[in-house]
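Structure first, then comments.
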Amino acid sequence: MNFDHSKLSFDLQKRIQNYFITHILPRNREWYDYMARAESSEPPFLKQLRQQARSEGLWNLALPNLADDEPGTRLSNLEFAPIAEIMGRIPWASQLFNCHAPDVPNMEILQLFGTEDQKERWLRPLLEGEIRSAFAMTEPNVASSDATNINTRIEKHKDHYLINGHKWFAAGAGHPDCKFIVVMGVSNPEGTRTKRHSMVIVPIDAPGIDIIRNVKVFNHIDMGTPNTELKLKNVKVSLQNLIGQEGSGFKIAQARLGPARIHHCMRSIGQCEVLIELMMARAQERVAFGKPIIDYDTTQRRIAESRLEIELARLLVYKTAWLLDSQGSRAARREISLIKVAVARAFHKIADRAVQLFGAMGVTEDTPIANAFSWSRAFRIYDGPDEVHLRVIFKLEQKPSYSLGDSPYLYRQQSNEQD
Ligand SMILES: Cc1cc2nc3c(=O)[nH]c(=O)nc-3n(C[C@H](O)[C@H](O)[C@H](O)COP(=O)(O)OP(=O)(O)OC[C@H]3O[C@@H](n4cnc5c(N)ncnc54)[C@H](O)[C@@H]3O)c2cc1C
């Protein structure tokens, strides 16, 4: 394993950091004030910042497999990791560099499985940052952590698919720039468990799409990437809108979730760093019972435990990125699950400590802590709940090649025979 930063990554880290400090952080309060009262998706200055980032070459940094004629930097996952961390320090920064979910994982599936026509019509404008997209797998009426349960019907007719179903948490579908949704549904009901589903591109303005609401997460709507509930009633799409093969929906979902998960983990580590910085600043200034709270052992332990957890999480994320780059997503399956559990847990524990350390202020809207607390809690569910990843980790645990009785580690050979 080699975690050295390449020259390209190092150079881009410096440039992104500089852009972050000069153009993004100074607008953070303005962004927050706008979003707190906004009905709409983003403050007007976002577009201008995006154009500027693009003109400086800080664009599409999260896509290792860009074609020669596609705009972007072609960083590997490992090269992107420290950059995603900088962007992750505040929730709206990734969009400025066209590195945000759910568009990046959607771009990846179109790169991998899309036809030339789909690439031209849907992938290109996403790469250019002209449109947004959404991904609709989860359904309120079935346990969607098991993707094989997905119930929406995608029926094949002579020249079109007919789609009927009910989705929620289709992140981004309620954004005004969203032009299409990748919908997963059952196309081959007679197929085996993992070969029954397909994915199709559904234009957002297709007749029959009924947007019901943007669901609140812990009573809060993320207007930038709203979690939309919608129904599809007799929605017709062309046969050309099928992604990959019929029956390959489950496989595509697996391929899509690898990059989606690792990017969320990378960004979350950036948020953890901010939480530590805030805890340190607060603990040095706040005096209780005659001394700054930083002088209390409990505070020092909180900070030290947080540092320990971040460093462990980061190393595991780097290892996973390195595996993805060098051996592909199948080889990184176990590590993707490991980081999904480890980072979400670390993030949530650190956010919880920050809430406690800040006292009442920690639960208000005056700091990013309450937001980090609820977001990190949700992170233990989205991209697959902890339990599902632990199950994968367990399944991939190597069995020993000996029976216990023959184990050379036992000091005495064991026999199963009854006395
Ligand atoms: C903020 C947010 C954003 C999201 N974005 C998207 C998106 O863009 N697109 C999309 O399609 N979906 C999205 N989701 C949905 C998310 O992926 C699902 O909520 C998740 O897969 C879990 O499915 P479920 O809610 O149906 O829970 P269920 O499947 O009903 O599971 C509920 C609970 O059952 C337990 N459980 C499940 N399986 C096991 C097991 N094997 N062993 C032990 N316990 C188990 C777990 O505790 C689990 O949390 C998002 C969710 C959130 C909160």
Every residue in segment 116-143 that is acidic (Asp, Glu) and more than 16 Å from the ligand (Cβ to nearest atom), please. Glu116, Asp117, Glu120, Glu128, Glu130
Can you pull out the residues in segment 206-250 that are under 23 Å from Asn188 (Cα atoms), of a type in the set (D, E, K, R) and outside any strand (DSSP E or B)? Glu246
Only one of (1) without any contact (Cβ under 8 Å) to a residue 24 or more places away in the chain; (2) aliphatic (A, V, I, L, M); (3) farther than 24 Å from Phe218 by Cβ does not apply to Val317, and that is (1)
List, please: which pairs have Cβ atoms under 8 Å, are six or more places apart or on different chains, and start with a residue in segment 1-28 that is closer than 18 Å to Gly270 by Cα and end with one that is modelled with pLDDT of 95 or more and charged (D, E, K, R)? His5/Glu79; Ser9/Glu79; Leu12/Glu79; Arg15/Glu56; Tyr19/Glu56; Phe20/Arg89
Filter result (surrounded by 23 or more Cβ atoms within 10 Å (Cβ to Cβ) and among the small types (Gly, Ala, Ser)) within segment 230-259: Gly249
Looking at (1) out of contact with any Phe, Trp or Tyr (no Cβ under 8 Å at 6 or more places or on another chain); (2) modelled with pLDDT of 95 or more; (3) within 27 Å of Pro125 (Cα to Cα), find the lone condition where Lys7 falls short. (3)
Scanning segment 259-292 for residues that are of a type in the set (D, E, K, R) and within 26 Å of Ile21 (Cα to Cα) gives Arg267, Glu273, Glu277, Arg282, Glu285
Within segment 362-385, can you find the residues that are within 10 Å of the ligand (Cβ to nearest atom) and either in contact with an Asp or Glu (Cβ under 9 Å, 6 or more places away or on another chain) or on the phi < 0 side of the Ramachandran plot (or both)? Ser374, Trp375, Arg377, Ala378, Phe379, Arg380, Ile381, Tyr382, Pro385
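Kindly indicate whether Phe218 is in contact (Cβ under 8 Å) with a residue 60 or more places away in the chain and buried (at least 18 other Cβ atoms within 10 Å of the Cβ). Full working, then the answer.
On the way: in contact (Cβ under 8 Å) with a residue 60 or more places away in the chain: yes; buried (at least 18 other Cβ atoms within 10 Å of the Cβ): no.
No: the conditions fail for Phe218.
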Among the residues of segment 147-164, the number that are free of Cβ contacts under 8 Å to residues at least 40 places away in the same chain and of a type in the set (D, E, K, R) is 3
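Within segment 280-302, work out how many residues are in contact with a Lys or Arg (Cβ under 7 Å, 6 or more places away or on another chain) and part of a helix (DSSP H, G or I). Give the steps one after another, and end with the answer.
Keep residues of segment 280-302 that are in contact with a Lys or Arg (Cβ under 7 Å, 6 or more places away or on another chain), which gives 292-293, 302.
From the residues that got through so far, the ones that are part of a helix (DSSP H, G or I) too are 293, 302.
Going through segment 280-302 one residue at a time, the tally reaches 2.
A quick yes/no check of all residues on (1) part of a loop (DSSP other than H, G, I, E, B); (2) within 16 Å of the ligand (Cβ to nearest atom); (3) over 23 Å from His220 (Cα atoms); (4) not basic (Lys, Arg):
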residue: Ser326; (1), (2), (3), (4): no, no, yes, yes
residue: Ala331; (1), (2), (3), (4): yes, no, yes, yes
residue: Ile339; (1), (2), (3), (4): no, no, yes, yes
residue: Asp352; (1), (2), (3), (4): no, no, no, yes
residue: Ala360; (1), (2), (3), (4): no, no, no, yes
residue: Glu387; (1), (2), (3), (4): no, yes, yes, yes
residue: Leu390; (1), (2), (3), (4): no, yes, yes, yes
residue: Phe394; (1), (2), (3), (4): no, yes, yes, yes
residue: Glu417; (1), (2), (3), (4): yes, no, yes, yes
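The values are calculated or read from the model by the stated rules, or taken from the named source; none is laboratory data. Since the model is a prediction, treat every value here as computed from it, not as a measurement. Cβ atoms come from the backbone with ideal geometry, glycine included; neighbour counts cover every protein chain shown.
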